[in-house]
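Nothing in this text is a laboratory measurement; each read-out follows from the coordinates by a stated rule. Note that the coordinates shown come from a computational prediction; the quantities given were computed from them, not determined experimentally. Positions of Cβ are backbone-derived with ideal geometry, glycine not excepted, and every protein chain shown enters the neighbour counts.
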Amino acid sequence: MATQRALVKDLGISWKDANSLVKQAESDLGPDASSDMILEHSKDLKSGKATPGKADSALSTSPTAETEMTTDTSVETAETDEPEETAAEEPEEPKAEEEPAAEEPAAEEPAAETETPEVEEEATPEATPEPEATPEPTPAAAPVAAAPVAAAASPKKTAPPKAKAPVKPKKPARASLRIAFFDMGSNDEALVLDALDELNNMNLTHPRHKKKVKEVSEQGASPMGVLQALRNHGESSAKVTEGAFALLLALTAAGEKETLPALVDLGGTALILDLMHTHKGKENVNIQVHGLGLLCNLSGSVYHETKLISEHKGVDIVVEDMKEFPKLRFVQRRACKVLTNLGMASPKIKQEIRDKEGVSCLGAALENFDEESNVYMEARKGMICFLKK
């Protein structure tokens, strides 16, 4: 074993190769050869200076070699048959590989996990003869450097709460829901815009606002306040129209049963169509998107506003939006849904949609969008509706 270990260390070869070299050297030199002679001849075999089956004459036996043979060969013959191939797969260099074991306290866990298997593999053949593991406690200074870092990091955790303290007083400045709705009935456009921003930022579809939205809607304050803002400032201000349409959509999502009936009773359908006709063009695309969403809800089978939509040139508005924004999926999906609802309502409106190129717009939507998209699904429903007589 000592000869094989010396070959692995000096030549950087595997244990299996070292064992085969030793066996060849023993067969070349004979049973009287010493371990030093076998080691030297094995190195010559590895370097090519000697050939298998021919022993160097310079390595002939000497008096000292004969005395060493009696001790070394007995050990070697007993140990040559017990090499573990798993331990011989990697080069030794015990000093270089034992250093990472001392670096484990330095808090680098990934490095410790990858290097520990190598230490375990090479410890099997060299566990007893290596006293070099004792000087390794010297890297114990690494935990001393890690302690100040942890100590320095601890005060940082207490510092952020002090910075958050001045932010808290800003939250109670938000107006109540009912007051914001009544502010929208003001003739002051700036006050109306502030109220719209406040309400749109509240995320009224959240469950925590559902009870308040229902209460205010039942009292008529929510749709009435928004419609009053549209009547006062909608025609002259695109910002008011966009904010009010967005708020009406949020209210219908939060409380459909309370908001939509009030919106219909207060004449909201005609007002929405008039403002959509007033604010056209790409610069007002959000108004058209929100308006089409409201028309989807108002043209459903529950509220039967399809006749009023048709009388106020709703078909013209929807078809113009589909032609103006052919690749915008929000416009196309909602417009397809409105045309389908209108076409299913009466044969007269269905014929009007055909005459005003609504069916061709549905076909264009089928061509412009993927089959798995929502736009394609709504356009397909519309085409099925208009293919029926």
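Which FRET efficiency value, to the nearest 0.05, do you get for residue 304 and residue 190 by plugging their Cβ-Cβ distance into 1/(1 + (r/R0)^6) with R0 = 35 Å? E between residue 304 and residue 190, to the nearest 0.05, is 0.35. In terms of distances greater than 28 angstrom between alpha carbons, the cross-link table entries 210/323; 280/388; 212/323; 323/388; 282/388; 212/282 yield 210/323; 280/388; 212/323; 282/388; 212/282.
Summarising the label geometry, the points placed 7 Å from Cα in the beta-carbon direction at residue 239 and residue 36 lie 10.0 nm from one another. Modelled spin-label separation between residue 380 and residue 182, with each label point placed 7 Å from Cα along the Cα-to-Cβ direction: 5.2 nm. Using 0.36 nm per residue and subtracting the Cα-Cα separation, the extra length available between residue 206 and residue 360 on full extension is 51.5 nm. Between residue 368 and residue 51, the modelled labels are 8.7 nm apart [label points 7 Å from Cα along Cα→Cβ]. Sorted into 10 angstrom bins from 0, the C-alpha pair distances of region 294-348 split as 26, 56, 18, 0 percent. Over region 299-388, the hull volume per residue, using the convex hull of the C-alpha atoms, is 83 Å³.
Overall shape: prolate for region 201-283, with the ratio a/c of the largest to smallest alpha carbon gyration tensor axis at 1.5 or above and a/b above b/c.
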